[in-house]
1. Go through segment B:1-21 and give me each residue that's farther than 21 Å from residue B:182 by Cβ, of a type outside the set (A, V, I, L, M) and touching a residue at least 24 places away in the same chain (Cβ under 8 Å).
2. If residue B:139 satisfies all but one of (1) touching a residue at least 40 places away in the same chain (Cβ under 8 Å); (2) in a helix (DSSP H, G or I); (3) within 20 Å of the chain's Cα centre (by Cα), what's the number of the condition it fails?
3. Would you confirm whether any residue within segment B:56-78 is at pLDDT 95 or above, farther than 19 Å from residue B:209 by Cβ, polar (S, T, N, Q) and under 13 Å from the mean Cα position of the chain (by Cα)?
4. Select the helices (runs of 4 or more DSSP H) contained entirely in segment A:162-276, then report the ones holding at least 1 residues which are out of contact with any Cys (no Cβ under 8 Å at 6 or more places or on another chain) and under 30 Å from residue B:107 (Cβ atoms).
5. Being among the β-branched types (Val, Ile, Thr) and farther than 30 Å from residue B:125 by Cα: is that true of residue B:23 here?
6. Test residue B:207 against the criterion of being farther than 21 Å from residue B:251 by Cα and touching a residue at least 60 places away in the same chain (Cβ under 8 Å), and give yes or no.
7. Might you let me know whether segment B:66-77 holds any residue that is under 18 Å from residue B:153 (Cα atoms), within 12 Å of another protein chain (Cβ to nearest Cβ) and touching a Leu at 6+ places or on another chain (Cβ under 6 Å)?
8. With the requirement that a residue be more than 10 Å from chain B (Cβ to nearest Cβ) and of a type in the set (Gly, Ala, Ser), what does segment A:221-259 give you?
Amino acid sequence: MYFNLKKLHLFGLMKSTIFNKIPYLALFLISGAVLFFGMDLFLGSVTIPFKSIINIILGDVNEKESWRIIILEARFPKTIAALLCGAALSVSGLQMQTLFRNPLAGPYILGISSGAGLGVAIFIMGLSFIGISTSDLSIATNSGIVISSILGSFTVLAILLALINRIKDIMTILILGVMIGSIITAIIGIIQYFSQDVQLKSFIMWTMGDLSAVTSNELLILTPIVFVGLIGSFIISKNLNAYLLGEEYAKSLGVNLKRARIIIILITSILTGSITAYCGPIGFIGIVIPHLARMLSNSSDHRILIPLSILLGINVLLIADIISQLPVLEQTLPINSITSLIGIPFIIWIILKNKKITNLN
Amino acid sequence: MSNTLKIAALTIGYNKKSILTNIDIISQKNQLISVFGRNGKGKSTLLKTLSGMLPAITGHFIFNGVDVFNLSEKEKSKLISIVSTTKTDIAGIKVSDFVAFGRYPYTNWLGINKKEDDAEINNAIYLCNIENLCNKDYSELSDGEKQKVNIARAIAQNTPLIILDEPTVHLDLINNIEVLKLLKKLVENHAKTIIFSTHQIEYALQICDEIWLINNDIIATYSPVELINKEKLKELFDDDTISFDKVTGTFKIR
């Protein structure tokens, strides 16, 4: 499974010396996160002096009203959303790759986001049946999307958890997750076929991912959920480490497999489900970041990989968000396209550099 | 201290389909036990059942007075360690950290090693003679080295019973003998009971205290001397082109 990352010395720096590079790496990534966080707040169609941005965030009411609205209602929530999204999806992906011993597993492998998609599809397209257009009530629609998305992903999760108790082989669960995802995609296809242009567009927009869809009030809900998930993941890092040996050895070392599986899947669902509900499905971050973390740290230890994935995820998603709204562009690009454009070449590079990846068992 | 081991009315198999029925074995002291039998006759199934990887169909396995099948994973992990035939393939982990996995049942939630944990790890590394590998990455090792490191991990787990499924299968002659001698040493000097499956009956006869022979869907226990004198090994093969030479303790092909 975990193909030989030793051979993938990024920029030839990796194999270096005995000294522990992890603290330096962490420091570097934290500085990066601060820098990109500032840039993400600063960049946009309206230029606001950096000093004013800081004043506004610190609660200064004497700054220009229009600037305050732009920062507090738009840029700040979006930047925080990018932060949460990067951290949550990266850790979800790491957990799934370890649980399924599969380097191409990601947060969406269990069909949880498809479930969220189905919820949203039923909500958006279903509204038209009762004669309400989604463009009519944008605020109600927004929270409706969130609620239906949570319900959708939770339904898939419940089905999975019910199955886990009966199934011994973890690979069977992986395949079931993929199958559930495919069935749901098919159902969404049927719903789309019978819906009207306006609804279809609303749904497609949701699937493109949108960090700016999160309002500051919603952040008050999303932030604690993501924190609980991330802390939970770190608490079970010892279990995740044991999983590296395979389920049989993990069991012989005292891991209660059934319970560990349920906890890992539950945390992943909380992280992925909540982010997907608020920001839409955002691809490839969850597959790519854990690999990047392993390559940079040269370690498989989750006590290192979890914090590192969080930092890397934050950096990459902030960069993606900055790219999506570069000043040269007339409009903001869909974030999902940016993460795919960054992520897919990286995955291809991993596959080509490392033949062992084809050896999935 | 001496370990006692009692298997009572044990029936093993997969999905209610039994492979071996009504196994009854008692062993009163620390022993090096090898399980021998032809492919597909239930060696691995037996070892997996005893180590709790596979549920028994019926019966009990009592070790030092406790029924192993009733224990939680956590309790079991302090009683039995295993080395299976499953290949472990991890990169990004140092050999010494791999051996440290054996301390998993004893460490806190973050897996921080205490002094005694470090002592057990170092002892296991010393016993397995793998000091030279300690700073290597696990993925760089040869199959034989991986097997020794895996055995070291099981030793670090410090359990009175160690169960190994074909522990010498990837090893060259020297490593093979070294590992068998190590198992013997663990039984004699470290109060362990060790059960391992093997196809190398000729070595097993020289080194083991007891051999569990699986033949015709029956498992029976013998000392090496009994096994040779009663000519039990000949029964394994139903043709005349292979014979067992009692004097040298080896098979001869005619």
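The values are calculated or read from the model by the stated rules, or taken from the named source; none is laboratory data. Bear in mind the structure is a predicted one, so any value in this text is a computation, not a measurement. Quick reminder, even Gly has a Cβ in these numbers, built from the backbone with ideal geometry, and neighbours come from all protein chains shown.
1. Passing the criteria: B:4, B:6, B:11, B:13, B:14, B:16, B:18, B:21.
2. (3)
3. The answer is no, given that none of the residues of segment B:56-78 is at pLDDT 95 or above, farther than 19 Å from residue B:209 by Cβ, polar (S, T, N, Q) and under 13 Å from the mean Cα position of the chain (by Cα).
4. By residue number, A:170-193, A:216-235, A:237-243, A:247-252.
5. Yes; evaluated as a whole, the condition is true for this residue.
6. When the stated conditions are applied, residue B:207 does not pass them.
7. Taking every residue of segment B:66-77 in turn, at least one turns out to be under 18 Å from residue B:153 (Cα atoms), within 12 Å of another protein chain (Cβ to nearest Cβ) and touching a Leu at 6+ places or on another chain (Cβ under 6 Å).
8. Listed by number, the residues that qualify are A:229, A:232, A:233.
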